[in-house]
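The values are calculated or read from the model by the stated rules, or taken from the named source; none is laboratory data. From a predicted model like this one, the values you see are computed outputs, not experimental measurements. A quick note on method: Cβ atoms are made from the backbone with ideal geometry, for glycine too, and the neighbour counts reach across all protein chains shown. Protein only, heavy atoms only, side chains kept; ligands, DNA and RNA dropped before computing areas. Shrake-Rupley method; radii C 1.70, N 1.55, O 1.52, S 1.80 Å.
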Amino acid sequence: MNELMSQAIDLMIVGMGFVFAFLIILVFATGLMSRIITRYSPPEPATPARSPRARPKAPASVDADTAEAIKKAIAQYRTRHKK
Amino acid sequence: MNELMSQAIDLMIVGMGFVFAFLIILVFATGLMSRIITRYSPPEPATPARSPRARPKAPASVDADTAEAIKKAIAQYRTRHKK
Amino acid sequence: MNELMSQAIDLMIVGMGFVFAFLIILVFATGLMSRIITRYSPPEPATPARSPRARPKAPASVDADTAEAIKKAIAQYRTRHKK
Amino acid sequence: MEKLITLWTGSGLFNLSAGQFVMICVGLLLLFLAIRKGFEPLLLVPIGFGGILANIPEAGLALSAAENAIHFGKPDVLAALSAVLDVSYQAGQAVTPDLLEAFKHAYKEASYDVVQQASVVAQTYGYTNGMLYNFYTVAIASGAAPLIIFMGVGSMTDFGPLLANPKTLLLGAAAQFGIFGTVLGAALLDWSGTMDFTILEAAAVGIIGGADGPTSIYVSSILAPHLLGAIAVAAYSYMALVPMIQPPIMKALTSEKERSIKMSQLRPVSKKERIAFPIVVLIATALFLPDAAPLLGMFCFGNLMRECGVVERLSDTSQNALINIVTIFLGLSVGSKLSADKFLDLQTLGILVLGMAAFCVGTACGVLMAKLMNAFTKEKINPLIGSAGVSAVPMAARVSNKVGLDANPHNFLLMHAMGPNVAGVIGSAVAAGVMIKLLG
Amino acid sequence: MEKLITLWTGSGLFNLSAGQFVMICVGLLLLFLAIRKGFEPLLLVPIGFGGILANIPEAGLALSAAENAIHFGKPDVLAALSAVLDVSYQAGQAVTPDLLEAFKHAYKEASYDVVQQASVVAQTYGYTNGMLYNFYTVAIASGAAPLIIFMGVGSMTDFGPLLANPKTLLLGAAAQFGIFGTVLGAALLDWSGTMDFTILEAAAVGIIGGADGPTSIYVSSILAPHLLGAIAVAAYSYMALVPMIQPPIMKALTSEKERSIKMSQLRPVSKKERIAFPIVVLIATALFLPDAAPLLGMFCFGNLMRECGVVERLSDTSQNALINIVTIFLGLSVGSKLSADKFLDLQTLGILVLGMAAFCVGTACGVLMAKLMNAFTKEKINPLIGSAGVSAVPMAARVSNKVGLDANPHNFLLMHAMGPNVAGVIGSAVAAGVMIKLLG
Amino acid sequence: MEKLITLWTGSGLFNLSAGQFVMICVGLLLLFLAIRKGFEPLLLVPIGFGGILANIPEAGLALSAAENAIHFGKPDVLAALSAVLDVSYQAGQAVTPDLLEAFKHAYKEASYDVVQQASVVAQTYGYTNGMLYNFYTVAIASGAAPLIIFMGVGSMTDFGPLLANPKTLLLGAAAQFGIFGTVLGAALLDWSGTMDFTILEAAAVGIIGGADGPTSIYVSSILAPHLLGAIAVAAYSYMALVPMIQPPIMKALTSEKERSIKMSQLRPVSKKERIAFPIVVLIATALFLPDAAPLLGMFCFGNLMRECGVVERLSDTSQNALINIVTIFLGLSVGSKLSADKFLDLQTLGILVLGMAAFCVGTACGVLMAKLMNAFTKEKINPLIGSAGVSAVPMAARVSNKVGLDANPHNFLLMHAMGPNVAGVIGSAVAAGVMIKLLG
Ligand code: NA
Ligand code: NA
Ligand code: NA
């Protein structure tokens, strides 16, 4: 086994060890953080988990009048179909 | 009184003097500019003083068809309510 | 005739010659490209020549509900006018 | 095993100094103030985060290649640097903390050409500038970022209220007393032996009283870069505290009757006047104070783009994408100056105290100037709009409006206060120019 | 008192030279043309403003650190610079205007390495590069800004009309005669002894005839940077004047009947052809004229981003935020070259005259080429679209359309003229490549 | 005539080498994959185009001024360079290909200070850096572009699913085995004598297994810049191929029953937790792995801007205008490393093979880790979400969802897979930090 091999094996052991150590610490730190926040803060209206890397669409910008007209149109439509 | 004190006093006198001198010049220059512009130009529809650091919202962009449909819906709604 | 003149004449002959040569090559290359693409690809719905340096407007973003309501309003309106 | 030791001796926990720990806490505090208390978050979030990054042990994000090379102190690198920095060291000699201190000190005092040479030596040995150091060089040391932000502010500023009532420029002038008064205050502190300031440092601290972020950063990057972190933090913090700092002073200096003065509605201002104004300011700057040309020039350029009506695209970009991009890097760069050895110093305390005094003095002088003007003119102005002369746009104008409404619920001073408010921006840029001219 | 004198002797009014005064007026004129007359405002507003900034006395915004050091002429700094610049001067010797002239001249003629050394010396003594000088270095001297703008233009260009009728590329070729004809004109002026030009200067002036801003700036920054200001101003001004320059020439060279020729509707162009075209142009460039690769490469890259349909985000950014940001700094940087000693010169007059001639010759050659093509082909083209070959997108195409409508109110030539119009952009980039190859 | 010869001998056709021809074809292939097959087009369109530009003969777009000077091989320039680069050459001596090779080799091996000196010499003789070389220097060599993109990615990332189930961080850890396994694989190839790798090269190749573009580019720019082109191309290509690479491995390692495991709905996560998380990660980084601070710091900064809710402007800009601008230049810069002499090498083949292996190993380890966790915990997780731990956001999570739906059409795993998916980003940044610490 040449030097590169032993270096690579070393790197793998230390590297994976460290990655796991770091992320395990993070699991506990995150859990602790969540618990502290949940305990010491007033319950707030929580946002449900969003789909990542996608921002919520901007709200359809329709002015008040339009919205009103549309609501009426919908209401009208429903009323008619009930008949 | 040490040197720094005398430097600071100097700086204050010269500095405030200059700031006032400059802004007084600006008061006159601005007044002159406004008078010249008002005299030598045709009266134009002046814009009222806007709220600073805030730009007007972009107009709601609804395409022609939608607008047409909405107008009809509103007209319809109004007609009905008159009845 | 001084040296600058002869340089300028040289530059003009070589330059214009090259510009024409290059663009004539491009005429043929473009024609060839268009023919190859037209022959070897399935006919696709071609876009008509657009006005340059102007991008099409973004489609009006109206959410599904609104669109539905508007469709109904239009349908309703048409139905009435038929009567 | 050896590699595990490398990881451990290179970890933050192993190397964390007390100073770095405190500074990370300061960074967290700034984030808290920005996010929970709404203290100028656009700047204090990047500054606070940058401050934390700058204090991560061993990462050297805020250090130049040469500083990193000295920090790691390998004998052969030090030997190469010793020739450049004129520190006596020979390869093989023991590397003691004192020796490293000597190198650091020599680097700090080195002239431009020596710094350049040290940088080449360090990079030849494979060291690199930290990320934040690069950001600082490009954004602040070059002077570019504060000027570009000032351009963006210009393109967001409406001079209409000022043009309708140009006299209010004087209120913006008076409030700059806060700047020069603070310089005097720093001199007093130095005289009394409480803490040491040079005239350059005193001037840089004074500019906090200008209540204008980019101006403060621009001036301190020229006069006293080592104080830039503390000055920027103080400037933005106090700007956020304006609604708490100003009202008591305003009330103490005015009577109920003065606070109730109603001002006549502002005249409409024509488009041509709006276009001509930035050019008038530019020419006045060119004729009387060339040293204010970078600041006021970019400010007027931004405003001209806004008002001329033919370069909407450029104006939009300068007040959105461009200013946002520059703000991110400006903030991180300012944060890079929040290192323990520069911030955890008695001077920082002085800066915080003097900065607060500067705001108070500026507010008071603005109000008093308004009262003085009323003694000479027929058409009275409400002295409450004088406090808006410190700038802190648009916060100070809103404070004037609010205090005015307390006295008379039908008296809306907002538009009237916008005049002195933007005048304060011009005033502090002029004061900055004077200080750069006389001291720079 | 001494400080007041410092302020006064450092003020613009005290130091304003006649040349600077004239150049500030030129800057104001450019702003007037841009804002009131609508002359290419996106460029001429920043250029005009930059021109004013560059001529503010004592501010040195357009000067390098070394030029600023020479300007202020302190004996010890000059002594340090004299060794680098090889000017005979000893510390203590009197500083005369002649001496400063000698330093300035030596700096201007210095090679790259000497300029670098002078810069280090000046910065060691505390002088800094002016703001506009920094902008120029980053934006134009590096070549980046014109290329990035060209990329943006590429992503705003629709090659559809050209692809539908590739023959119109020849019209874009013919119009480039304006470029080379102008080089000849400059040589004639030089020969007649009216004014002096080198071949590099003549070529840089000729590129005005390309009627393409970024190409003009790119070429002149390589061949004759000292003329860049005048060339850019001429190029953008004449592009704005196209609706006045072209119609008389077009009418003089065509008969009423020719102007009324109706052209058949353009065939639809498939998405695949649009995607393939920039790649075809790129490969042709790679094979035949590598020196045009920066310009045409970035142009094709922009166009490929536009047409490929899978990188909408990048295409949008390159035609909005990015091009706007770069335009601001490009304009200010061009303005930095509007300094009195470079602009107020007989050559500038020559540039203005020759630039106008270039547009006229290009227009005429485009029209004549169209007539020549009609002599050989069955399907006639309206010779009015030939004038669009000078580029000046989309102004020249609109002119073709308008003159065509005058002759026949039902004849819409706009789309047909867009082909030669964008061909003109390619043509002038090719001409630029040839000139850089042969002279650069 | 002489000028015609200049044009011809300077044309691409005359100078095209076989290697350049092949690389231009590779560039076209990348464009084809990006545009027609949808392979990560945002990066591969600029990379492919940059690759073509870099291989245009004689244009030297990807070369430094010194490399261009050597390429053109004028005797006086070589004589000046010979002193700096320590190559034996005297003015007048014949310029042979071997001699130019010697110069090129000396430049490649030169230390930082020598490279700087050679650059000054070349620029003194009028040579300039190629456009792509400048882009590479500013964007990648400085480390800025990958970090800014990482900031943008941070501001587009939602840690909600991860916070709801922090255990999934372990899946992100396990998948990094792909990185270190690949390093071992490269060592094996070297041991077997198939191809040569140094440990730095092996580590840079391994990072492909991180399935994260900016991390790969950042690490390889530090450890093995000459392999950057091949590594970036492999990383982005395999990320695009994730939907083909992963499913067979996932199915082979799981039973139908395991694939059908339904997971309980994720708990809602409060805004405060979202704000605190990036700060927790930052502090953990500061304490345990300062070398990951640039990557994780910028990532957390972007995420904090997103979640804190008070800097919407900055967050929007960092995920739109800023990231798009940087992506364009990052892509072109990566393309500049696709030159024939670096890419057409046996090592590239090794990189492609090992990169593929890295993805497979990472996928497998993620799945196996999930199964292992199920052996110890009560609440079972669906092992299919383990494969998402390689990152390749959000492609890998979608693959988990799709394979899950194949097994049980009512089982939506997307949200559950997002946890390990973003954990994979953190995991590979940590792995990058470890490698930089131990080898950089
Ligand atoms: Na102020
Ligand atoms: Na043209
Ligand atoms: Na990963």
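Looking only at residues in the stretch F:146-188 that are among the polar types (S, T, N, Q) and facing chain A (nearest Cβ under 7 Å), the one that is farthest from ligand 3 (Cβ to nearest atom) is F:THR157. So is E:GLY126 over 17 Å from the mean Cα position of the chain (by Cα) and at pLDDT below 95 or not? Taking the combined requirement at face value, the residue satisfies it.
Filter the stretch B:18-36 down to the residues that are of a type in the set (Gly, Ala, Ser) and surrounded by 15 or more Cβ atoms within 10 Å (Cβ to Cβ), then identify the one that is farthest from the other protein chains (Cβ to nearest Cβ). Filtering the stretch B:18-36 for residues that are of a type in the set (Gly, Ala, Ser) and surrounded by 15 or more Cβ atoms within 10 Å (Cβ to Cβ), the one farthest from the other protein chains (Cβ to nearest Cβ) comes out as B:ALA21.
Looking across the stretch D:217-242, just one residue is touching a Gly at 6+ places or on another chain (Cβ under 6 Å) and either of a type in the set (S, T, N, Q) or farther than 21 Å from D:GLY48 by Cβ (or both), and that is D:ILE222.
With a requirement of 3 or more residues that are in contact (Cβ under 8 Å) with a residue 60 or more places away in the chain, the helices (runs of 4 or more DSSP H) lying completely within the stretch F:1-112 that satisfy it span F:18-36, F:41-54, F:65-72. Look at E:GLY193 and say whether it is of a type outside the set (S, T, N, Q) and in contact (Cβ under 8 Å) with a residue 60 or more places away in the chain. When the stated conditions are applied, E:GLY193 does not pass them. Scanning the stretch F:382-401 for residues that are aliphatic (A, V, I, L, M), surrounded by fewer than 24 Cβ atoms within 10 Å (Cβ to Cβ) and outside any helix (DSSP H, G or I) gives a single hit, F:VAL393. Only one entry in F:ALA230, F:ALA240, F:ALA235, F:ALA224 is away from ligand 1 (no atom under 16 Å from the Cβ) and within 14 Å of F:ALA358 (Cα to Cα), namely F:ALA235. Checking each residue in the stretch F:339-367 for being surrounded by 24 or more Cβ atoms within 10 Å (Cβ to Cβ) and more than 14 Å from every other protein chain (Cβ to nearest Cβ) picks out F:ILE351, F:GLY355, F:PHE359, F:THR363, F:VAL367. Flag: E:LYS371 does not match the condition of being out of contact with any helix residue (DSSP H, G or I) (no Cβ under 8 Å at 6 or more places or on another chain), among the basic types (Lys, Arg) and open to solvent by 20 Å² or more (accessible area, probe 1.4 Å).
Answer yes if at least one residue in the stretch E:135-145 is within 12 Å of chain C (Cβ to nearest Cβ), buried (at least 24 other Cβ atoms within 10 Å of the Cβ) and over 12 Å from the mean Cα position of the chain (by Cα), and no otherwise. No, that holds for no residue. Filtered by the rule that a residue be touching a helix residue (DSSP H, G or I) at 6+ places or on another chain (Cβ under 7 Å) and not in a helix (DSSP H, G or I), the stretch D:263-272 gives D:MET263, D:LEU266, D:ARG267, D:VAL269, D:SER270.
Within the stretch F:416-440, the set of residues being open to solvent by less than 10 Å² (accessible area, probe 1.4 Å) and hydrophobic (A, V, I, L, M, F, W, C) comprises F:ALA417, F:MET418, F:VAL422, F:ALA423, F:VAL425, F:ILE426, F:ALA429, F:VAL430, F:ALA431, F:ALA432, F:VAL434, F:MET435. The single residue among F:ILE231, F:ILE207, F:ILE217, F:ILE245 that is within 16 Å of ligand 3 (Cβ to nearest atom) and within 14 Å of chain A (Cβ to nearest Cβ) turns out to be F:ILE207.
When the residues of the stretch F:273-323 are filtered to those that are in contact (Cβ under 8 Å) with a residue 12 or more places away in the chain and part of a loop (DSSP other than H, G, I, E, B), which remaining residue is surrounded by the most Cβ atoms within 10 Å (Cβ to Cβ)? So, considering only residues that are in contact (Cβ under 8 Å) with a residue 12 or more places away in the chain and part of a loop (DSSP other than H, G, I, E, B), the one surrounded by the most Cβ atoms within 10 Å (Cβ to Cβ) is F:LEU289.
One residue alone among E:SER260, E:SER192, E:SER220 is at pLDDT below 95, among the small types (Gly, Ala, Ser), farther than 26 Å from E:MET369 by Cβ and touching a helix residue (DSSP H, G or I) at 6+ places or on another chain (Cβ under 6 Å), and that residue is E:SER220.
Based on what the data block shows, is D:LEU413 more than 9 Å from every other protein chain (Cβ to nearest Cβ) and either in contact with a strand residue (DSSP E or B) (Cβ under 6 Å, 6 or more places away or on another chain) or surrounded by 24 or more Cβ atoms within 10 Å (Cβ to Cβ) (or both)? Judged against the criteria, D:LEU413 is a match.
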